[in-house]
Amino acid sequence: MQAAELEERHLKALKLSHQQTLEIINRFEQGVILFTADANPILFNQTFLHYYPQLESSEDFFKDVALFTQKHHGHRFELKDWLKQLHQNIESPHQQVWLKSPQSKVSIPVRLQAYWIDLHTTPHILLIVSDQTLHTQVTAQRKLMEASYAGQFVTNAQGYIQHPNQAFSGYTGLTQTELSRMTYIDWLRQQVSFKVPFEKVISALLKEHFWTGEVQVHASEENVFFAVLSLSMILDAEQNIEHFVGLLQDTTDIRAAQTEIQQLAYFDKLTGLPNQTLLHDRIERLLQQTDSETPYHALYLISLDGFKSINDTFGHDTGDELLQQVANKLKQTLPEQAFLARVGGGNFSILYPSQSQDEALSKQDIARYSETLLDLIDDRYKLEDSSVHTSASIGICPFALNDTVHYDSDQLTRYTNMAMYEAKKLGGNQAYLFEDTLMQRAKRRLELIEALNHSELDDEFQMYFQPQVNREGRVVSAETLLRWFHPTLGLVSPAKFIPVAEEGRQIIKIGLWVLHKAFLQARAWNAKYCDIRIAINVSPVQFHEQSFIEMIIGLIKFTQVNPHNITLELTEGVLIKNAKLALQKIQHLVSLGFEVSIDDFGTGYSSLSYLQKLPLHELKIDKSFISDVPGNVDDEAIITSIIQLAASKQLKIVAEGVETQAQADYLNALYPDILQQGYLYGKPLPADEFEDVFVKPQANNRTA
Ligand code: C2E
Ligand code: CA
Ligand code: CA
């Protein structure tokens, strides 16, 4: 056979087998390269191509494939030389190197393993390149495990503990050999007690492949400690169990630290009692129970009366001593199941479950307990250098667990606070039961204050006018009544918002606005029609403002109103505070031309002496006296005496709240000069409507 011919046959055979060989080596997960005996590469599989996708021809093979002896800055590993020096007799030669591929930035640890194989009777070298990354990681992990303070172990597929680290041996007091004879289940049964049933732990581990929780480890009789145990189950790709891994962390130190932190965070230092935070937790936990055997509870807020002044007078040490004594008294008499806390300053709180299942009886029980507390605290306390007397103001908020209303701890605390303040307001040494009305009152007031602070007078407020008529039915005057249309609260009655605005002093601004509008309206009607008189309500707060008179004078100038057409309605209360100054102011107003009327006459202080001194023009009989006449003899007597008084001083009289003809007839018969105001004649109306209904027709009549 010719040499050339021989070579061609050989190549042909090789080509044929190429395809088959390629198929075989492509099944390898590792990189596989086939070399000729003199180290020329013939074939490489997909995995290897994965590292070097550009690898096309065999010529560039040794140039492209970059292997190094070390991860960083290592020498290049001369693969060709290594392959060449392999002798057939060396058994499975191998080498650890670093592969640098253009695909990844970091070098990969790989293991080279060479095999001599016969392909078609010719020897070849088969090189297997296996990625060691995982292996390196596992080794690193093993090292970490050894260094760790946490106990760790890995089991084999059967659950036998294979790689316990030193810490694990240390914790369990079992040697590596002892452990290796045990499955992890054996160990769990022998040393570990769980807070949950053992079956649950195992089923969670099998189902979720993971379980963690707090356990107690009984290493020996003397050595019992708390720990957190984590167990995981590692499966292979076919879902077969490969290992169980366990991690055991001793929590004794953490627990000690935790206890200390808890002590600081949840207990009052001075008395050792639970503090507000712990009480809050307690209440929240209680509120979550819906099927409690004790559905009725109460929260008590116990505030020592005069505690602040005891502190200020005798010093803080004395105050502290007192608190300790009170705390002890409360502790000693605390009913079973009740929870006592110190909630700051001179305040204690008790969460009290009534033993009664009946709502009414539980209320009695709750009230009785508050009496016990009051008696207990109301005492003289012997302190180191003094003796002080104190008592308590107690706010109580009863609540039911199955209630439709869902309370929360903050709410309950606020309610007891409100109730406690009521008890203080009433003089202390008493208890006050929180009721819904108290809350609603407080809530509404807050809402109103908020709304008043943000109200736009011109947009939301409007003046209404109500006629005051004489015996002939003629409208001689009109009272201005303020209406507030709030965008969300709707129409708010002045009876509700005026007191709030007085307290928050927004009435100053509102009152000025009212006077301004009313003056302008009076001027407009007087210029256009007739001498209709306008009565304006003036709040005592507004009246007592220092600049009230100046402000009025300014408004007269600005609006060009004639004060002779204006009546200012003041209440009796105005004259109580600073009577002398009030008298001067009224005199000043009268000198400017205004008339002055006493509103709600008879309902106030009824100190009639001021009537002698004041330059008054009118008394208004309050509608509360009118509503039951004729018929109510008491009211009739009052009305009669007011009328006599007014007549003797030549004062005008206005009766307000006249709703029926019978009332009107009765009043007219009593005093023909009386003016009447009420729904019988007309409800308060906006200016334009009032003008159409009452002012215009009268003016027409007169001209007609
Ligand atoms: P007031 O000065 O005693 O006003 C009389 C109240 O009785 C008005 O209530 C009026 O609408 C109502 N009224 C009139 N006729 C009848 C009737 O036949 N039957 C019944 N049941 N009620 C009648 P309103 O408007 O709700 O005002 C309540 C209070 O608010 C007023 O009592 C007054 O003290 C205060 N107020 C109203 N507007 C102003 C204001 O512009 N400034 C100040 N400072 N207070 C005002
Ligand atoms: Ca009035
Ligand atoms: Ca009134």
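The values are calculated or read from the model by the stated rules, or taken from the named source; none is laboratory data. As the structure is a prediction and not an experimental result, all values here were calculated from the model. A quick note on method: Cβ atoms are made from the backbone with ideal geometry, for glycine too, and the neighbour counts reach across all protein chains shown. All accessible areas refer to the heavy atoms of the entire protein, side chains included, with ligands and DNA or RNA removed. Shrake-Rupley method; radii C 1.70, N 1.55, O 1.52, S 1.80 Å.
Altogether, the Stokes-Einstein calculation at 25 °C and 0.890 mPa s, with the Kirkwood radius of the chain over Cα pairs as Rh, returns a diffusion coefficient of 67 µm²/s.
Taking amide H as placed 1.01 Å from N in the peptide plane, the amide H of residue 678 sits under 5 Å from that of 657, 658, each at least 5 places away or on another chain. Quick check: the angle from helix 409-425's long axis to the longest principal axis of the chain, C-alpha only, nearest 10 degrees? So the helix axis and the longest Cα principal axis differ by about 30 degrees. Taking the C-alpha atoms only, the angle from helix 579-592 to the longest principal axis of the chain is near 70 degrees. D by Stokes-Einstein for segment 291-421, Kirkwood Rh over Cα pairs, 37 °C, 0.692 mPa s: 212 µm²/s. Where in segment 99-129 does the amide nitrogen come within less than 13 Å of the point 7 Å from the Cα of residue 76, taken along Cα to Cβ? Only 100 pass the distance filter.
Taking 7 Å steps out from each Cα toward its Cβ at residue 199 and residue 659 produces label points 7.4 nm apart. If you plug each phi of segment 184-197 into the Karplus form 6.51 cos²θ - 1.76 cosθ + 1.60 with θ = phi - 60°, what whole-Hz ³J(HN,Hα) values come out, in order, with x for Gly and Pro? Karplus values, whole Hz, x for Gly and Pro: 4, 5, 4, 5, 4, 5, 6, 10, 10, 10, 9, 7, 10, x. The packing ranking of peptides 18-24, 393-399, 678-684, 161-167, highest mean first, is 393-399, 161-167, 678-684, 18-24, where packing means the average number of other beta carbon atoms within 10 angstrom of each residue. Counting only protein heavy atoms and using a 1.4 Å probe, what share of the accessible area of segment 628-694 belongs to carbon plus sulfur, as a whole percent? The nonpolar share, carbon plus sulfur, comes to 51 percent. The HN-Hα couplings worked out from phi for segment 663-678 by the Karplus form 6.51 cos²θ - 1.76 cosθ + 1.60 (θ = phi - 60°) are 5, 4, 5, 4, 5, 4, 5, 6, 7, x, 7, 5, 9, 10, 9, x Hz, whole numbers, x standing for Gly and Pro. Amide H to amide H, with H built 1.01 Å from N, residue 529 comes under 5 Å of no residue 5 or more places away or on another chain. Each Lys and Arg contributes +1 and each Asp and Glu -1, all at the Cβ; summed about the Cα centre of segment 136-255, the dipole is approximately 80 debye. Once the gyration tensor of the Cα atoms in segment 181-248 is diagonalised, the equivalent ellipsoid follows with semi-axes of 23, 13, 10 Å, ordered largest first. Can you tell me what percent of all Cα-Cα pairs in segment 399-555 are more than 29 Å apart? Here the tail beyond 29 Å accounts for 40 percent of pairs. Over all distinct Cα-Cα pairs of segment 289-361, the Kirkwood formula returns a hydrodynamic radius of 13.9 Å. Computed in the context of the full set of protein chains, the accessible area of segment 17-131 at 1.4 Å probe radius has 49% of its extent on carbon or sulfur.
Projecting the Cα positions of 399, 490, 413 onto the charge dipole of the chain (unit charges on Cβ atoms of Lys, Arg, Asp and Glu, taken about the Cα centre) puts 490 furthest along the positive direction. Rolling a 1.4 Å probe over the protein heavy atoms gives segment 270-434 an accessible area of 49 Å² per residue. Simple rule: put +1 on each Lys or Arg Cβ and -1 on each Asp or Glu Cβ in the chain, find the dipole, and look at 213, 302, 239; the Cα lying farthest toward the positive end is 302. Computed over segment 456-699, the range of Cα coordinates on each principal axis works out to 45, 43, 37 Å, biggest value leading.
Could you tell me what percent of the accessible area of segment 318-468 is made up of carbon and sulfur, with a 1.4 Å probe and every protein chain present? Roughly 45 percent of what the probe reaches on segment 318-468 is carbon or sulfur. Note that segment 17-131, at 25 °C in a medium of 0.890 mPa s, gets a Stokes-Einstein diffusion coefficient of 170 µm²/s from its Kirkwood radius over C-alpha pairs.
Dipole orientation for segment 456-699: of the candidates 526, 552, 611, 552 has the Cα lying most toward the positive pole (charges on Cβ; Lys, Arg +1; Asp, Glu -1). Kirkwood's formula applied to the C-alpha pairs of segment 72-216 gives a hydrodynamic radius of 19.7 angstrom. The alpha carbon convex hull volume per residue for segment 136-255 rounds to 109 Å³.
Need one word for segment 218-297: rounded, prolate or oblate. Basis is the Cα gyration tensor (sqrt eigenvalues a ≥ b ≥ c); a/c below 1.5 gives rounded, then a/b vs b/c decides. Because a/c hits 1.5 or more and a/b fails to exceed b/c, segment 218-297 counts as oblate. Taking the Cα centre of segment 456-699 as origin and assigning +1 to Lys and Arg Cβ atoms and -1 to Asp and Glu Cβ atoms, the resulting dipole is close to 780 debye.
Label reach from residue 281 (point 7 Å along Cα→C-beta): in segment 410-424, amide nitrogens under 17 Å belong to 410.
Applied to segment 130-142, the Karplus parametrisation 6.51 cos²θ - 1.76 cosθ + 1.60 on θ = phi - 60° returns per-residue 3J(HN,Hα) values of 10, 5, 9, 3, 4, 4, 4, 4, 4, 4, 4, 4, 4 Hz, with x for Gly and Pro. Computed from the C-beta positions of residue 636 and residue 495 and an R0 of 22 Å, the FRET efficiency is 0.30 to the nearest 0.05.
Once the 1.4 Å probe is applied to the protein heavy atoms, segment 136-255 comes out at 58 Å² accessible per residue.
Taking Cα centre as origin and charging only the Cβ of basic (Lys, Arg, +1) and acidic (Asp, Glu, -1) residues, the dipole magnitude of the chain rounds to 1540 debye. Given in Å, the Rg to one decimal and the Dmax to the nearest whole number for the Cα atoms of segment 574-655 are 13.5, 42. Compute the long axis of helix 494-503 from its Cα atoms, compare it with the longest principal axis of the Cα atoms of the chain, and write down the angle in degrees, 0 to 90, nearest 10. Helix 494-503 sits roughly 80 degrees off the main axis of the chain. Taking the inverse of the average 1/r across all pairs of different Cα atoms in segment 249-291, what Kirkwood radius in Å do you get? Averaging 1/r across every pair of different Cα atoms and inverting gives 11.9 Å. Residue order by solvent-accessible surface for 418, 182 is 418, 182, largest first, with ligands and nucleic acids left out and a 1.4 Å probe. Averaged over its residues, segment 17-131 has an accessible area of 59 Å² per residue, based on protein heavy atoms and a 1.4 Å probe.
Taking amide H as placed 1.01 Å from N in the peptide plane, residue 379 has its amide H under 5 Å from the amide H of 390, each at least 5 places away in sequence or on another chain.
Computed from the Cβ-Cβ distance with R0 of 51 Å, the FRET efficiency linking residue 264 to residue 236 stands at 0.55. Once the gyration tensor of the Cα atoms in segment 597-704 is diagonalised, the equivalent ellipsoid follows with semi-axes of 27, 18, 13 Å, ordered largest first.
Considering only beta bridges that DSSP places wholly inside the chain, some 80 percent are antiparallel.
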